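Peer 1: What follows is a single structure, and I will ask about it in a moment.
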């Protein structure tokens with residue numbers, strides 16, 4: 001046991017500087033990778049996403065509500081799934097131009113009417129944003145509509 005401890009100390013003391021740099025870069029890379037895995041949970045872009053209004057129009061379901069944007073990140077897209085995992089198309093309708101103006105605004109925001117096709121009773125939504133740390137994908141909603 002004592003011999004192993006001596007070997008480790010000798011290795012660390014006599015290690016070339018280039019190896020130290022490689023180890024440091026490797027540790028930083030792993031830290032960033034781990035941070036990206038937990039970033040949506042610990043540092044979300046959007047929180048408190050709520051659907052407050054639902055209506056059926058021409059065989060399509062439309063939803064509206066509010067969200068709280070916590071970080072100044074650029075919105076890149078929204079993906080929806082049904083309970084069975086089928087892709088759901090989300091059309092922002094008249095809000096398409098307003099989405100661009102939401103980029104630099106933080107705080108509570110109203111949104112809608114978004115058209116959900118096909119009309120589903122259970123919806124899972126993921127938002128994608130471009131932040132200073134890279135792309136952030138966050139599950140913002142899962143539940144009945």
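Peer 1: Take the residues in segment 96-109 that are closer than 17 Å to residue 46 by Cα and exposed (fewer than 11 other Cβ atoms within 10 Å of the Cβ), then tell me which one is modelled with the highest pLDDT.
Peer 2: If we take residues in segment 96-109 being closer than 17 Å to residue 46 by Cα and exposed (fewer than 11 other Cβ atoms within 10 Å of the Cβ), then 108 is modelled with the highest pLDDT.
Peer 1: Report the residue count in segment 51-72 for those that are surrounded by 12 or more Cβ atoms within 10 Å (Cβ to Cβ) and either under 16 Å from residue 90 (Cβ atoms) or outside the structural domain of residue 110 (by TED's automatic domain parsing) (or both).
Peer 2: The qualifying residues number 9.
The values are calculated or read from the model by the stated rules, or taken from the named source; none is laboratory data. This one's a predicted model, so the numbers in the text were calculated from it and none came from an experiment. So basically every Cβ, Gly included, is an ideal-geometry build from the backbone, and we count neighbours across all protein chains shown.
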